Structures are given as C-alpha cells and as structure tokens.
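The values are calculated or read from the model by the stated rules, or taken from the named source; none is laboratory data. Note that this is a predicted model, so its numbers are computed, not measured. Here the Cβ positions follow ideal geometry from the backbone for every residue, glycine too, while neighbour counts run over all protein chains shown. All accessible areas refer to the heavy atoms of the entire protein, side chains included, with ligands and DNA or RNA removed. Shrake-Rupley method; radii C 1.70, N 1.55, O 1.52, S 1.80 Å.
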Amino acid sequence: MKSSTIAAISTAMMNGGISVVRMSGDKVFDIADKIFQSVNDKIPSKMKGYTCAFGHIVFGGEILDECVLTVFRSPKSYTGEDMVEISCHGGVYVTQQVLRACLMSGAELALAGEFTKRAFLNGKMDLTRAEAVIDIISADSENELKYANSLHEGALSRRIDTISTELTKILGDLAAWADFPEEDLPELDDNMLKKRLSDVLDDISQLVSTYDYGKIIRNGVDTVIVGKPNVGKSTLMNNLSGFERSIVSEFAGTTRDAVEESIRLGNVTLRLSDTAGMHSTDDYVEGVGVKIAEKKLENAELVLAVFDYSRPLDDEDNELLYKIMNKNTIIVINKTDCECRLDIDIFKDKFENIVEISASNNEGINALTELIEKMFSMGKVNFSNGIIANQRQWICAVNAKNALENAKIASDDNMTYDILTVLIEEAAGEIAKLKGESLSENVVNEVFSRFCVGK
Amino acid sequence: MGSYDVAVIGAGHAGIEAALASARLGCTTAMFTISLDQIANMPCNPSIGGTAKGHLVREIDALGGEMGKAADKCSIQSRMLNRGKGPAVHSLRAQADRVLYHSYMKNVCENQPNLHIKQAEIAEILFEDGTVCGVVTSLGAVYKVKAVIIAGGTYLKGRIHVGEVSYESGPDNVLPPQKLSDCLLSAGITLRRFKTGTPCRVHRRSIDFSAMEVQHGDETTVPFSFKTRDIIENKADCYITYTNENTHRVIRENLHRSPLYSGRIEGVGPRYCPSIEDKVVRFPDKERHQIFVEPMGLDTDEYYLQGMSSSLPEDVQLAFLRTVKGLENVEIMRPAYAIEYDCCDSTELKLSLEFKKISGLFGAGQFNGSSGYEEAAAQGLVAGINAARQIKGQQPVIFERSQSYIGTLIDDLVTKGVADPYRMMTSRSEYRLILRQDNADLRLTPLGYEIGLVSKDEYDALLDKISKIDAEIERVSHLNLAPGDEINAFLLKNGTSALSTGTKMADLIRRPQLGYDVLQQFDKNRTDLASDIREQVELQIKYKGYIEKQLDLVERMKKLEEKKLPENFDYSAIKGLRLEAAEKLTKLAPSNIGQASRITGVSPADITVLMVYFEQNGDSFYA
C-alpha cells in the first residue's frame, strides 16, 4: 500500500544533546536528496540500507546544520518502510529548522504515535504489543493536546481567531449566495470579495512567516507554584524573581488570573505562575481563581509545591499531593524558621526532589535554583510535546495559505464561485484544525444567524 | 388479514418512493395511508426542487426513483436556479400542479405490481425478539410483515396551531395518528417534538398581479428526469411582492397572540423556514421581506404565498396580508398554520435507515427529522431499497457522502444528528464539485442498475453516453490548433490571449472566457452530439484540476469507509480511547472508520487507536 511520508523529531528536545529527525514512507529518499549535501558526494537515494553519511542539511540555500544521515531500506527498518534518520548537532532550535526543511520538501508531520503505528501495521511488532502501541498513541496525543491548548491563549490565538472569523464570514456569504439565490439578499460584490480574500491572505502569510518555532524555548518552561493559601507562595515567587534580578517581562493578570513572570536561572527560563490558593471555596470570584490554578497545574511542565513546615498536613494538602503525584515536581517546604510540626518523611517515599527553605529569610533559595537547573540539564524537562503542537499549528497555517493562494488565482482567473468556495473552505478547514475545531456546521450556522433566509 | 414482505406507513413523498422501490425489487408491499386522497400530497409549497433539493431529485431519478418523472409530468413552470454561478450550484426547480401530482403518483402506485395500497391508520407495530413481525390498524386488522418503513411525515401526534387556537390534526386537517407514537416509545425508540409551518392559500381573483413583479419560467427548460424526452412547457407564471413597514407593525402589535411567543408550542422549528413573525423579530432592520406568489395548479384558483408562513390568528393574517402591495383585497382560502409532530432521533438509525435497536424497522422522511419533499423522497428510496434487500438476504446499500447528496443527507442525519428539521444545502457537501446535478446519472445509474431499479436498456444508454463523452474528450485533447489570423482575431475578441504556438483544443476549452460550443467553427471534424454530452465534455475539461483534487479526497476517505466496525460494541473496552470518544462511539455505533471520524468529539488519535485495536483483532472486524 502506498503511504504518505511522515517526519518528526524523535528524541527529547533538550539543548546540548544530539537530536534525531526521523522520516518514513515512499518519498524519504527524494526528500533526503533535496535537503542533504554529503561532504563526500554520497546521495541518500543511492545509499545502501544501514549505511550513513556525514554532511549538511541545506534548505533555501542556507546550511542549517551539520549532521549524520542514516539510511534504512524497506522492510529492514523500524516501521518496515523506507526510512532516513538525521542526527543533528545544533540544538533544539536548529533541529526544528531541519524538521521544517523535511516538511517543506514533501513530508507530512507524523501524528502522535504514527511511527509505532506503522511499525505495527507493517507487521514489525507482534499482535500482543498492540495494547502498548495504543498506550503510546493516546499518551502522546494527550500530551500534545495539552500543549496545544496552552498555546491557545494570548495574542497569537487572537490573530488566528480573527482569520478564522473572517474566513467563516466569507464562506457564509458564499453559501447564502449559492443556497438561497431567490432571497432578497445583498449582492455579492466581486471586487469586495477579492479584496477580502487578499486581506485574509496577507494575514495568514504574516502568521506563517512569524510563526516561531523558537517561541516555546525562549518563553521557557511552564512552571507553576501551588500550595494552600499563606504557605508563602508569593514570597517564594518574589524571591525567585529577585534572585538574579533578570526579570524578562512582568505582567500582572487580573485579580482572578494567575500572576506570571519569566525568570532566568542560568540556562533555564521559567515561565512562573503564582496561582490562587488551591482550596475549596464558596466565593465565586475566588472559585474562578482556583479553576485557573487547576488548569495551570494540568499544563505545567514543572510544579513547585509549597508546604508549611509549621503545620501538619491536612486534607487539602493531601489532595494537592495526589494531584501532583505524576507531575514533574519539586516539594518546597517553607517556613523552616518556625517550629517543625510537619512529618517530612511522608514526602520522601513519593518525591525525589525536596527542598527546605525559609522564603521570608531568603534561605535555601540557592539550593532550589540549583536543583531546577540540574533537572533541566538532565533532561527531566522535555519540550518535545510543545514543539510538536506548535509545528502542527504551523503546518496548518502553511496549508491554509496555499489553499487561499489557489483561491486567489482562481478568483483572478474569474473562475466561478463554486470553485472558489471549495478552495476557501479548504483554507478555513486548516485554520479550524489549527484551533482544534471542525468546520462543517460553522458555515451553516453563520448563514442562518446573519441572513434572513427561508420560505 | 394477510401478509406482506414490507409495510410502508404513510404515502407521502417518502412513503411512495419506499413502497415503489420495495415492490419493484420484488417484495410484496403494502402502503398504508390515513386517506387515499392524500397520496403524494404537497401540504406546503407546490414545487419540486430548488438549491441542493434539485440535486436530490436528479439522484433519485438516476437510481430509478419516481419523483423526477412525476415532477416533469406535472410541471407548470421550470427554472434552473444559479445559472452563471458555476455548475456545482446549478439547481432545477419546478412549480408543480398539486392535484395532478397527487393523481399521477396515485396512478403509478396503483399500477405497480406487488404494491397494495390501503386506507388505514396503523396503530401498532408488532415485534418478536427485537424484530418486526406485523402491523395492526386502528380498526383491528392485523397484517404479518417482515419489515416496516415508517414514513409518517408530520402526522404523528400532529397538532395544528393558529393563534390562540390549537387542535389535534395532521397537515391539511387530516386525522393525525395517535397510537403509533406510544407503540414506538414502548419499543424503546426515542421520540422528540419538531415544528414546521405553512403560509396562507389565497384566491386568484383577490390578487392584483399588475402591482407585482412577474417571474416567468426559463426560455429553454430542462427536465428533472434523465428519461424524460418531452419538452417541459411553462404554463403559468409566479409573482413577487414585498412586505413593508405596515405589515411589520401589524405583526409586532400582535406578537402576544402567537403561540410561539406565548410558549404554547414546544417543538423546534426549522431555521431555514422561519415564520414571517420570526423574520420580523429576528431581523428588525430589514425593511421588507420577499413574497413569492405561486399557483397551486392549473385547475384551481388557489395561490400559495411563499415567505409568509405564520401561526398568528386568522384575523391578524388577513390584516397583515392586506398591507402588502397587490394583496390589498386579498381573500384567504386556507389560513396559515404551524404544526407540531413527533419524530425520531435520527442518530438511532443506521446508515441503511434501519433502527439500530430493532431489526426490520426503518424510518424515512420528516419522521427522521428532515424537512422537504425531496429530502423525504430520497430517504424513502433508500429505506425501500434496504428493506427489500434485507428480506432477500442481501447486504444493505450504503450511500456515501462522496457519491451523492443522498449519502450526505443520510450521513448528516445519522452521524451528526439534527437539532431542527434538516434541509439539504449545497454547502453541506464537501464534495460538491463532483456531486453536480448534471452528472447524477453518471454517478448513480450504475448503482441503480446493480440494485435492480434501473433497466438494462437505461443502463446501456448510460454506457453509450459515457463512451461518447470519453471519446470526445479524448479527441479534443489531441486536436492541435495552429495559430492563425482567424482564430487569433476570435480569441482577442473574446477577451483572451492569441495563440503563438500550436495549442490543444482542450486547453482552449479550459480558458474561462471560452467553452466547447463557441469553438465549433475551429473544429471541422466535430460530430453532432446531444446537449447533455456536450455539457459533460465541457465541464469535465474545464474543471479537471479541481475535480481531480476532490477525487483524491474521495479516495482517501474511501479507504476509511472500507474499514467496517462491529454493530454492537462497547467501546469503553478499548483502553486508550478517551472517555468522550468511547461514549460517543458506543452511542452512535458507526458502521465504519470513516463514519467514526466524522463524529464530533472523536479525535484523529482516537481513530488511530481504533485502527490499531481492530487490526489486532484480525479480519473478524474488517469486511
């Protein structure tokens, strides 16, 4: 069976290590030939299975990275298809550029667990492992989804919304025009339509060109400080931010929102959120704060869980412990300047990383920041999912742009509107996918909400 | 009282197609209707077709259904809508003579071997071990049957509302069945309440047509049916007038008397078919609303006022109509009304239109939550085909989205479900460039032949048509045109660039400013081809790139559609499916992976999990 060619970064994304970009499918050698320049004139499509070549990845006339390229020939590969692995040396940002070169040269971004799925479907794994395959797929997709959702905030998301709203409006106009020809509707002005199309195309083009792979890395590790009210979360936050006096940005949310800042600790940037206390409440406004805190916790890559040295654990503490059990967590025991009433041994069974501090006396903060740096450099904090989610969105944006460019060509050629509609629909579908939504009912709803149609 | 293979409940547009299909496929069929005088009644618009609905009629015809032929026989005005807007959205619409349509269809049914028409209300359906086994009339007659198709339209527990008054009734004041709903409920079928409405019928002599815009039929008409050879004549005109500020004032002053605004109607109405009071309230800035004045037939003086559906009291209806230009002295013959009725939850159906829970029980038409004669007829045809196939021990025919509007309609109903009466629209089809009304026969007649509703002669005629189209496309694709003064002058005059090198005829046809017919003078060897063949040649050449792109999509989807899923399966048993996906999949029980992928709340990752899971279980799940 003919299969599409897929590509993905298959190693954890950390600075410093070697990262591998993997491709599988019918076109891998075509793509590799396009983007790989060997130092000793080896051509991937001519190479035997299980051999490698040293060289450079070149895209758009620019050398992206130095790498080793390994060739696998079907059926002797992980997936059973033709495969190429590119081991990159240049760090997180450059590895993404290499993947991007693969994608722009004809590969599709692999879905969650797709390499494993192909291996399975091609009989490279025995049937008893199907369950394990399913686990991988669902775990990967869940992680991606989480990150994708976390990207759905802020300025980028508003720009995407604007594009999506305009496309839906245009489609609504076209649908009403096609499906209700006898209604007393405003005429569709061809020049106006052309202008609207080229305006959205400009927006999408801009989105594509500025869609930044590096954003997540530069923005840092999503870190959340959690704990009951008054355990000293805010003091800790202030301590951390003041620590190196290198606050990158600071924006206080509304009173209900989590307060966020970016701080830099050595090589690591943390996107730090101080949240409303996690506790049950009847107060509506506070309740909203608690919800935000829980969402932040769910999406966090690093959790700093603060407990009070001077009080025994209560039910709420235990509930919090349960919630952070499987997260990447540092237990921070604050107020060591007070009398100890906390059984610290409780934590030791379940958590590896425990630090005692006195935030108000600024004691132990050094130890904490060192621990964070250590965890990061050891690869405990992984960017991969964030990057994949980000790339998926970028690919959608590129596809949307291509579809709209075709629509523009069709419109300049005076093709009939039915053709135009299909192309715009394709673009809107990609944008909807980027947002994790589906398109179909949107347009119909748009028609009925904006136009007075019907017999 | 007797036994039949199939019982069809209802003799409206769905019931007729269902009964005819079943009988034509060799099953003994009984069609029950509360009144023989209501067979194929048009209780609303006296018209067939319209945007996307015209596509449905063509598809029904291509498959061997009756609606297209009937519409051609009874047409009194014919128009192709959306001419100039692109072939995908061309839609045929005809005014039909309502009484003639009824008697034509009644006659066809009466003359159909295997089909028995009975005036009776079905009060009960009998079941045995979750399978249909008989029907009982309200007079107590029992018939043994193997399958039942419910095509009850808007009749089930129908209730008509006019202002403060409401009473139990089906459309046109026909008795509504009361007991069938209870029988269905106790069989575990979910019922819900929908609502629709119809405008007044008024007397011709009370209308001042001179104050209105006239709307003629097309000069050159096209029939619905691919088999109709007669020329469709325009025998009547329609007229257009508008509401005004006074009309809206009268309506606004009387809103409190509407059963909708006082909350007496609980049913959900169709969004595309709002009452005039709805339009006035929802679009207060619109200065006027359009009214189409349409004849109900040639032998009657009744006129239908499209756009003026209402449930306001009769005196208010008269008052607001008389504010309209040309209707100052209007005389109402039948008042407008809203009607509430029971319908099923279409997600309880399979793509074959059989209920998932009960073997042998099928639903079709407005009972399934759709709206419109054409949507009803399409479902009736499919239910009739599949009931007959079940009795004959054959696999059901599933119409795919990529193959027809019929498939799109059914998939929308079954997979997505509906919140208000569903109307077909071209915007609902993602494949609309290939699902055109002009090629319905090319798409579906082979299937109709395979099913057994299309005769060998008709099928051979289609094959002949296809070979002529292909040969001509082949010929013009190779025909080279050299540059020359004559052709270049012609090209420049038509607003396109002159030739500098030899060019293929097909490439010229593809240019937006040109087409097949206009290039005849430069094509000496052209044979005289029928207009439908010339049309196909032109469209297939002109839209080649776009069509191929859609065909590519179809291919991809087809791979997923081919992967069948089990009927009764508890998806929560699959570890790794998200909870929401598992619940939706278990509830909707999709019949294949493609259908599963269209369910809201099922993600691409869930689909991957499904594929791996069922692959593991080997071919027992893959057909």
In nm, give the distance between the simple-model label positions of A:A367 and A:K295, each being 7 Å from the Cα along the Cα-to-Cβ direction. 3.6
Given B:Q119, B:A498, A:T70, which one lies farthest toward the positive end of the charge dipole of the protein assembly as shown, if we put +1 on the Cβ of every Lys and Arg and -1 on the Cβ of every Asp and Glu? B:A498
Whole-percent carbon and sulfur contribution to the accessible surface of the range B:562-620 (1.4 Å, no ligands, DNA or RNA) stands at 51
Only four residue types carry charge here, +1 at the Cβ of Lys and Arg and -1 at the Cβ of Asp and Glu. Report the dipole size of the range B:18-76 about the Cα centre in Debye, rounded to the nearest 20. 80
Of all trypsin sites (Lys or Arg not before Pro) in the range A:31-96, the ones in DSSP coil with at most 13 other Cβ atoms within 10 Å are A:K48, A:K76
Can you tell me the FRET efficiency between B:D460 and A:S4 if r is taken as the Cβ-Cβ distance and R0 is 45 Å, rounded to the nearest 0.05? 0.65
Tell me, what is the FRET efficiency for A:E319 and B:E567 to the nearest 0.05, using R0 = 41 angstrom and their Cβ-Cβ distance as r? 0.45
In whole Hz, what ³J(HN,Hα) sequence does the range A:27-35 give by Karplus (6.51, -1.76, 1.60; θ = phi - 60°), x for Gly and Pro? 9, 4, 6, 4, 5, 4, 4, 5, 10
Which loop trypsin sites (Lys or Arg not before Pro) in the range B:1-105, with loop taken from DSSP, have no more than 13 other Cβ atoms within 10 angstrom of their Cβ? B:R83
Using all C-alpha to C-alpha distances in the range B:456-550, build P(r) with 5 Å bins and read off the rounded percent in each one. 2, 13, 23, 23, 17, 12, 6, 3, 2, 1
Over the residues of the range A:6-125, compute the C-alpha Rg and express it relative to 2.2 N^0.38 Å. 0.98
If you take the charge dipole of the protein assembly as shown about its Cα centre, with +1 on Lys and Arg Cβ and -1 on Asp and Glu Cβ, which of B:M67, B:P43, B:H478 is farthest toward its positive end? B:H478
Cα radius of gyration and Dmax for the range B:326-369 (Å): 18.6, 56
Among DSSP beta bridges whose residues both lie in the protein assembly as shown, state the antiparallel percentage, nearest 5. 70
Decide, for the range B:562-620, between rounded, prolate and oblate: order the square roots of the alpha carbon gyration tensor eigenvalues as a ≥ b ≥ c, take rounded if a/c falls under 1.5, and otherwise choose prolate if a/b is larger than b/c, else oblate. rounded
Prolate/oblate/rounded call for chain B, Cα gyration tensor, a/c under 1.5 rounded: oblate
What is the interface area between chains A and B, defined as buried accessible area summed over both chains with a 1.4 Å probe, reported in Å² to the nearest 100? 4700
Only four residue types carry charge here, +1 at the Cβ of Lys and Arg and -1 at the Cβ of Asp and Glu. Report the dipole size of chain B about the Cα centre in Debye, rounded to the nearest 20. 840
Residues with amide H under 5 Å from that of B:I149, placed H, sequence gap 5 or more: B:A7, B:V8, B:I9, B:F362
Considering amide H positions built from the backbone, and no H for Pro or chain starts, which residues 5 or more places from B:Y242, or on another chain, come under 5 Å of its amide H? B:I291, B:K325
For the protein assembly as shown, with the dipole built from +1 on Lys and Arg beta-carbon atoms and -1 on Asp and Glu ones, taken about the Cα centre, which of A:N230, A:I35, B:H161 lies farthest toward the positive end? A:I35
Those trypsin sites (Lys or Arg not before Pro) in the range B:544-585 that DSSP places in a loop and that have at most 13 other beta carbons within 10 Å: B:K575
HN-Hα J in Hz across the range A:200-207 - Karplus 6.51, -1.76, 1.60, θ = phi - 60°, x for Gly and Pro: 5, 4, 4, 4, 5, 4, 5, 4
Just to confirm, what accessible area per residue do you get for the protein assembly as shown at 1.4 Å probe, in whole Å²? 41
Long-range alpha-carbon pairs in the range B:289-341, meaning those over 11 Å apart, account in percent for 73
Amide H partners (placed H, <5 Å) of B:E124, local residues excluded: B:V136
Taking θ as phi - 60°, what are the ³J(HN,Hα) couplings along the range B:237-252 by the Karplus curve (6.51, -1.76, 1.60), each to the nearest whole Hz, with x for Gly and Pro? 10, 10, 9, 10, 9, 9, 6, 9, 4, 5, 4, 5, 5, 4, 5, 4
Place a +1 charge on the Cβ of each Lys and Arg in the range B:503-623 and a -1 charge on the Cβ of each Asp and Glu, then give the dipole magnitude about the Cα centre in debye, rounded to the nearest 20. 360
Size of the range B:121-184 along its principal axes in angstrom, Cα-based, largest extent first? 45, 21, 16
